[in-house]
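Colleague: Please see the structure below; I have some questions.
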Amino acid sequence: MKAFVGELIGTFVLTLFGCGSVAVAVLFGEYGSIFQIALVWGIGVTLAIYLTRYLSCAHLNPAVTVAMVLSKRMKANKLAPYLLAQFVGAFLAGAVLYGLLSPTISAYELAHGIVRGTEASVDTARMFGEFYPNPGDGIAVVSMPLAMVAEGFGTFLLVMFIFALTEGCNVGRPSDALAPVFIGLSVSSIICLVAPLTQAGLNPARDFGPRLVAWLAGWGGAAFPDACGGFFFVYILAPIVGGVVAAYALVYVIEPLIGKKGSSCECEEQK
């Protein structure tokens, strides 16, 4: 229960601030660049980790949790409660955000002639779930395979940074007090790279929870990026695969090179 509550609250916080920054950019024209939105996402991640890491390992992302289990940094019996908490937390964040902004969203749709549920309503649905190509960038040309590569590679980088910044066997890591800050900056940096293509989900829970809220709130099929399974392959499967590849790269490539000369690489929850 302690870990469940930690993951739920942490995922709620990062999703609320992150999706909130996108909503503010769409509805009010604030945050004029991807960098500004990415920075808010990074701050949200940092605050979420500081808030909850004494309750759980503060994964706040199914891709991170799966990677931790496969690399034997967390017991497998913790996988289900961690994942459930993350998806519930993200869904609740999407619901709260919609509750706060629902009148404004309706006014925006009316002012711009947008009928919710149509293809044009992707302009507002992107406040909750990601789409490819990024609806806010008319330049990007992104196929589903390329979108999968972008999301998988971005999540690979994220998981590698998380390992590097928190593992006891990495003697070059920052102090435990500063690690959340650097993880947040890692998220911001990756978003700046990937978001022009896919909006940079990097987190199946953060994507699916708010997307489900949009679907329930009337966007229907417009809440999903295409009719050929792109939602699942790009924003659920690809991040998980990216995290798994990072986990095995750590176990079979990086750790043997390090030689485990530092302290234990295990998560505190494992001990």
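Colleague: Considering region 1-33 alone, what residues qualify as being surrounded by 22 or more Cβ atoms within 10 Å (Cβ to Cβ) and within 17 Å of S189 (Cβ to Cβ)?
Modeller: The answer is L14, G18.
Colleague: What number of residues within region 131-148 satisfy the criterion of being over 23 Å from P210 (Cα atoms) and not in a loop (DSSP other than H, G, I, E, B)?
Modeller: Summing the residues that are over 23 Å from P210 (Cα atoms) and not in a loop (DSSP other than H, G, I, E, B) in region 131-148 gives 2.
Colleague: When residues of region 163-182 are filtered for being within 22 Å of Y248 (Cα to Cα) and out of contact with any helix residue (DSSP H, G or I) (no Cβ under 6 Å at 6 or more places or on another chain), how many remain?
Modeller: Of the residues in that region, 5 qualify.
Colleague: Follow-up. Check region 185-196 and report whether any residue there is over 15 Å from the mean Cα position of the chain (by Cα) and in a helix (DSSP H, G or I).
Modeller: Step one: filter region 185-196 for residues over 15 Å from the mean Cα position of the chain (by Cα), giving 196.
Checking the rest, the ones that are also in a helix (DSSP H, G or I) come to 196.
For region 185-196, residues over 15 Å from the mean Cα position of the chain (by Cα) and in a helix (DSSP H, G or I): present.
Colleague: Give me a count of the residues in region 218-232 that are surrounded by 19 or more Cβ atoms within 10 Å (Cβ to Cβ) and at pLDDT 95 or above. Give the derivation first.
Modeller: Quick first cut of region 218-232, residues surrounded by 19 or more Cβ atoms within 10 Å (Cβ to Cβ) only: 219, 222-225, 231.
Now restrict to residues that are at pLDDT 95 or above: 219.
The qualifying residues number 1.
Colleague: Another one. Of the conditions (1) buried (at least 21 other Cβ atoms within 10 Å of the Cβ); (2) within 17 Å of P196 (Cβ to Cβ); (3) not aliphatic (A, V, I, L, M), F128 clears all except one; give me its number.
Modeller: Result: F128 passes all but (2).
Colleague: Condition first: of a type in the set (G, A, S), farther than 25 Å from G44 by Cβ and out of contact with any helix residue (DSSP H, G or I) (no Cβ under 7 Å at 6 or more places or on another chain). Now tell me which residues in region 89-143 satisfy that. So that I can check it myself, show each step before the final result.
Modeller: Filtering region 89-143 down to residues of a type in the set (G, A, S) leaves 89-90, 93-95, 99, 102, 106-107, 111, 113, 117, 120-121, 125, 129, 136, 138, 140, 143.
Add one more test, that the residue is farther than 25 Å from G44 by Cβ, and what stays is 106-107, 111, 113, 117, 120-121, 138, 143.
Of everything in region 89-143, those that are of a type in the set (G, A, S), farther than 25 Å from G44 by Cβ and out of contact with any helix residue (DSSP H, G or I) (no Cβ under 7 Å at 6 or more places or on another chain) turn out to be S106, A107, A111, G113, A120, G138, S143.
Colleague: For I34, all conditions in the list (1) modelled with pLDDT of 95 or more; (2) among the β-branched types (V, I, T); (3) within 21 Å of G154 (Cβ to Cβ) hold save one; what is the number of the exception?
Modeller: (1)
Colleague: Something else about it: Of a type outside the set (V, I, T), surrounded by 17 or more Cβ atoms within 10 Å (Cβ to Cβ) and over 24 Å from L83 (Cα atoms): does that describe P196? Write out each step before concluding.
Modeller: Working: of a type outside the set (V, I, T): yes; surrounded by 17 or more Cβ atoms within 10 Å (Cβ to Cβ): yes; over 24 Å from L83 (Cα atoms): yes.
Spelling it out, P196 is indeed of a type outside the set (V, I, T), surrounded by 17 or more Cβ atoms within 10 Å (Cβ to Cβ) and over 24 Å from L83 (Cα atoms).
Colleague: Report every pair of residues separated by at least 6 positions or lying on different chains whose Cβ atoms are under 6 Å apart, first residue within region 69-97 and among the β-branched types (V, I, T), second crowded, with 21+ Cβ neighbours inside 10 Å.
Modeller: Final answer for the pair search is V88/L8.
Colleague: Report whether or not T104 is over 27 Å from Y248 (Cβ atoms) and not in a loop (DSSP other than H, G, I, E, B).
Modeller: Details: over 27 Å from Y248 (Cβ atoms): yes; not in a loop (DSSP other than H, G, I, E, B): yes.
In short, yes.
Colleague: If you take the residues in region 151-178 that are polar (S, T, N, Q) and in a helix (DSSP H, G or I), which one is nearest to the chain's Cα centre (by Cα)? Even if it seems obvious, please write down each step before you answer.
Modeller: Kept after step one, since they are polar (S, T, N, Q), are these residues of region 151-178: 155, 166, 170, 175.
Still in the running and in a helix (DSSP H, G or I): 155, 166.
Details: T155: 9, T166: 18 Å.
Per the stated criteria, the residue is T155.
Colleague: Among the candidates A93, A85, A67, A58, which residue alone is among the aliphatic types (A, V, I, L, M), buried (at least 18 other Cβ atoms within 10 Å of the Cβ) and in a loop (DSSP other than H, G, I, E, B)?
Modeller: Working: A93 fails: in a loop (DSSP other than H, G, I, E, B); A85 fails: in a loop (DSSP other than H, G, I, E, B); A67 fails: in a loop (DSSP other than H, G, I, E, B).
Going through A93, A85, A67, A58 in turn, the sole match is A58.
Colleague: From the list G136, G99, which residue is out of contact with any His (no Cβ under 7 Å at 6 or more places or on another chain), surrounded by fewer than 24 Cβ atoms within 10 Å (Cβ to Cβ), farther than 30 Å from E167 by Cβ and at pLDDT below 95? Talk me through it step by step, then tell me what you get.
Modeller: Details: G99 fails: at pLDDT below 95.
Criteria check complete, one pass: G136.
The values are calculated or read from the model by the stated rules, or taken from the named source; none is laboratory data. Because the structure is predicted, anything quoted here is derived from the model rather than measured. Heads up, the Cβs are rebuilt from the backbone with ideal geometry, glycines too, and the neighbour counts pull from every protein chain shown.
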